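Below is one structure, written out as structure tokens, with a few remarks after it.
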Amino acid sequence: MDRQVELLTRQGCPMCAAAATQLAGLAGELGFVLAVTDVDDAAREGRTALRAEYGDRLPVVLLDGAEHSYWEVDEPRLRADLAG
């Protein structure tokens, strides 16, 4: 089963764009499925919990639904957790 990595982001966030690029490059190598969710878009759709929880510390990386890292991709830890 593929592992799920979700990047929580928002428009106009340079750190979010960098994290998305980094994770996209790692997805094929490490065998995970990458989903990118804009917390502001989600809130406009009525799903306000993501923005309320994570909106002040984006980008946030979730691994299989659990918070893994924020503000940057913790690549060594992500590699270890995916290998374990």
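Coordinate-derived values only; no laboratory data. Bear in mind that the values here come from a model prediction, so they are computed numbers and not experimental data. Here the Cβ is made from the backbone with ideal geometry for all residues, glycine too, and neighbour counts use every protein chain on show.
Side notes on the structure shown:
- Between R3 and V33, the built amide H atoms are under 5 Å apart, and every one of these is 5 or more places off in sequence or on another chain.
- Note that region 45-54 has calculated 3J(HN,Hα) couplings of 7, x, 9, 8, 4, 4, 5, 4, 7, 10 Hz, one per residue in order, obtained from phi through the Karplus relation 6.51 cos²θ - 1.76 cosθ + 1.60 (θ = phi - 60°); glycine and proline are x.
- Net length gained if the chain between D56 and D74 were fully extended (0.36 nm per residue, minus Cα distance): 4.7 nm
- For Rg/Rh (Cα atoms, Kirkwood Rh), computed directly from the structure shown, the correct entry in (1) 1.38; (2) 0.99; (3) 0.96 is (3).
- CD proxy at 222 nm, helix term only [per DSSP H run n ≥ 4: -39500 (n - 2.57); per residue of the chain; nearest 500]: -13000 deg cm²/dmol
- Given the chain, longest segment not containing exposed loop GluC sites (Glu not before Pro) (DSSP; at most 13 other Cβ within 10 Å): 1-44
- Along the chain, the exposed loop sites are trypsin sites (Lys or Arg not before Pro) outside DSSP states H, G, I, E and B with at most 14 other Cβ atoms within 10 Å, and the longest stretch free of them is 1-46.
- 3J(HN,Hα) along region 65-72: x, 10, 4, 10, 7, 9, 6, 7 Hz, from the Karplus curve 6.51 cos²θ - 1.76 cosθ + 1.60 with θ = phi - 60°, whole Hz, x for Gly and Pro.
- Assigned charges on the beta-carbon of Lys, Arg, Asp, Glu; region 4-83 dipole about Cα centre (debye): 100
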